[in-house]
Structure formats: C-alpha cells, structure tokens
Amino acid sequence: MSNQQKQQTVYRLPKQVGYRSIQTHTEPIPEPTKHEVLIKIKALSLNYRDFAIANGTYPFPVKPDVVPLSDCAGEIIDAGSAVDTVRKGDKVVVSFDPTNQYGPQKNWHHGHGGPIDGFLREYAVVPATAVVKIPEESKLGWPQLASLVCTGVTTWNALFGPVSVKPGQVVLVQGTGGVSMTALILCKAFGCSVIVTSSSDDKLQFVQEKYGADHVINYRTTPAWGKEALKLTNGEGVDAIIENGGAGTIEQSLEALKMGGLIAIIGFLAKPDVMPDVALGALSKGAIVRGITVGAKQYLEELVTFVCARGLEIPVDKVFRFDQVQEAYAHLESGSHVGKVCIEL
Ligand SMILES: NC(=O)c1ccc[n+]([C@@H]2O[C@H](COP(=O)([O-])OP(=O)(O)OC[C@H]3O[C@@H](n4cnc5c(N)ncnc54)[C@H](OP(=O)(O)O)[C@@H]3O)[C@@H](O)[C@H]2O)c1
C-alpha cells in the first residue's frame, strides 16, 4: 500500500450530545495479527440503538470517542497467518458482539459501536472468529447483508431462539422499522401469518402490498389494538409478539396474546402513563415473556444460512453515501422509514 492508502477516514462520536457532533478523522489502516482479518467495509446499517447512543439515551455503557455503528458487511482483504476459516476476497458480516460465539449474551461490554468501536470507517480489523462468511451464490446487496447483523439476529433470536414459533402460527410485529420488517420477512418465509401495527395508514398499505403482511392495525387510531388482534384471530390471540414499544405497549400485547404465547421484549420505544401489572397479565395468559439481547454469532450463522438459501430480500428503505452520515441519521430520526436505513461505501 502507498502511504496515502495506509490512511483511512474514520467517524467518531466525541460526546453523546447528538449525531450532529460525529466528526471525521484520518487514521492509519490497522494490520491484522495472527488470528485477525482486515475488512474493507462495503456497507453499514443503522439501528435505533445508534441514534440512542449518539444522543445519550442508550441505557448501557458507551466508550468515549467511539466509532459508531454495529452493523457492517465487507470484503476480507488481508488475514493473519493462523486464519483458515476465511480468506482474501470472501464476503463477510461481523457479529454484533465478537466475544459471544453461542448461547445467551454474557454482558453488555462488547457490542460494536457502543462499549467498543464500531464500523463507521473504511477498514476494520476484527478477530477471524467474529466473522460469518456469506455463501458465494448469494445475490443480496451489501446494505441488505449489513442489515442482518443487529436487527436480523435480534429477530432470529426472538423467533427461533430457545423458544421458537412454529409454521402456521400468528406473529404480531409492532411498527414498521428495521426489527419489525425483518421479522415480517423471516416469518412469511417460515410459514407464519403476520399482523403489523403502525402509526401510519400509508405505511400499513405499503407493507401489505410490498411485503405481504396478512393483517394490519393502526395503533394510533386504534389504541385498543390488543382487542383488534383478538378479533383478527377469532378470539384466540396471537402466538408471538415482537415487543418494540416495551413498557408503553405491553398491556396491549398481553391483551392480544394467545394463552401460552410468547412476548419477545426487544425495544423501549413507548412509555406508559401508568405502569401495567405485567406479572399478573403474564400469569393470567400463561405467557412466556422473554427479554432479547441481540444474539450470539451462532444465530448470525443460522440467519445467513436461512436468508441466503431462500434468497430473502431484507427490506432496505434508503441507502446513503459514506459522506452522508448526518443525512442517514436524520432519516432514521424522522421515523419516515419502512425497514432499514443504510450507508454504502
Ligand atoms: N433488545 C435488542 O437486542 C434490540 C436489538 C435491536 C433493536 N432493539 C430495539 O428495538 C426497537 C426497534 O428498533 P428498530 O431498529 O426497528 O427501530 P426503527 O427502525 O427506528 O423503527 C422503530 C419503529 O417503531 C415504531 N414505533 C414507535 N413507537 C411505537 C409505539 N409506541 N408502538 C408501536 N410501534 C412504535 C415506529 O413504526 P411506525 O412508524 O410504523 O409507527 C418506528 O418506525 C428499538 O427500541 C431498539 O432499540 C433492541
């Protein structure tokens, strides 16, 4: 590499005072040691977490001057002498937490783009054990591949982790963001029916026409959407819920749930006026209420296998350039998206 090529552009968040404070730096391209790989980053995907990290509302540790963003897809351009699982030219995605190979999350200390540096840069060195190879025959674009990392694994864990849905069951997803739209695609491919809730009739029409949502409910015009979900399921209730609202929506989720159903607690988007009695609600429905913490590399491998084997199109709303980072964050902030917001290099 020439001297110029040994440098790269890296974005850092100096303080958690908003995404507009993110700044670029010129830094050396790192070299991989024996068990590491050097990745040329091709695409990044944004999550609500990145927005929360930037503005200081993320409830877990964040390192000072962090390189933001947890989700990247890229190409291996160099590998350490002991690496034999991937090689130069391979397309890969990098696991959210490089220390978590399988099983439950051990802690919140190693997620990219928060407690450790993420991928809003041109090149990154990671342990070879953190990457998952994309099958050569995969036709997915780089932004779609990057979108598998956080929301993809989170929904895979929620739907097919230790407690799994079954084909033919009914799943309700809250909202039309990255988590919900990824869950919709996975559920439909697996043979589940899907109810989507949203604050926007236009978005609901779009997800029915484009992604085949079976039923839709506007949670703004139908605040008692739990009862509506019961009606749509002949009074039986839904088998599983992707709970993105958290404390502010779980009362309706418990209403909508079938006896013995699963509530996968993923997000914290809605705050209640009065906290409902979740314990009594869960008891009365015999519910499984399960907190989801992204997921291990094992889930990323399973997800990549499923998505690539079935040629599933992960819903990407809009792709920005590497010099449009502020615009990408602003688009996520606007809430106008359906699916993922990405950056391509
Ligand atoms: N636990 C984990 O491991 C994990 C992993 C990934 C994400 N998350 C969390 O999951 C949540 C969703 O993430 P995301 O990346 O999908 O966010 P996103 O792309 O920004 O989408 C959020 C969507 O949620 C919907 N929404 C907002 N308030 C709502 C409410 N009160 N009731 C129902 N829906 C509501 C909106 O849909 P409409 O515009 O259609 O109304 C919005 O577009 C966030 O809280 C995020 O932090 C957690």
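Taken together, the values in this text are just the output of simple stated rules run on the coordinates, not laboratory data. Nothing here was measured: the structure is a model prediction, and the numbers come from that model. Backbone-built Cβ (ideal geometry, glycine too); neighbour counts: all protein chains shown.
Overview of results
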item	result
17 Å Cα-Cα reach of Lys34 towards aspartates and glutamates, excluding residues that sit fewer than 8 places from it in its own chain	Asp78, Asp84
Förster-model FRET efficiency, 51 Å R0, Ala279 and Arg20, C-beta, rounded to 0.05	0.80
Per-pair calculated FRET efficiency, R0 = 45 Å: Asn107 and Gln326 via Cβ, rounded to 0.05	0.90
Share antiparallel - DSSP beta bridges, the chain, percent rounded to 5	55 percent
Between 0 and 90°, nearest 10: helix 325-334 axis offset from the chain longest Cα axis	0 degrees
Value of D in µm² per second that Stokes-Einstein yields for the chain, Kirkwood Rh from Cα pairs, at 37 °C (0.692 mPa s)	160 µm²/s
In nm, spacing of pseudo-spin labels at Lys40 and Ala309 (7 Å Cα→C-beta vector)	3.2 nm
Reciprocal of mean inverse Cα separation for the stretch 153-291 (Kirkwood radius, Å)	14.5 Å
Loop GluC sites (Glu not before Pro), the stretch 273-337 (other Cβ atoms within 10 Å of the site Cβ: 15 or fewer; DSSP)	Glu313
About the Cα centre, charge dipole magnitude for the chain (Lys/Arg +1, Asp/Glu -1 at Cβ), debye	180 debye
Too-long pairs where the Cα-Cα distance tops 19 Å, listed order kept, from Lys42/Lys88; Lys42/Lys63; Lys231/Lys271; Lys203/Lys285; Lys42/Lys91; Lys210/Lys318	Lys42/Lys63; Lys231/Lys271; Lys203/Lys285
FRET efficiency for Thr222 and Lys6, using Cβ-Cβ distance with R0 set to 51 Å, rounded to 0.05	0.35
Nearest 10 degrees, 0 to 90: helix 297-310 Cα axis against the chain principal axis	80 degrees
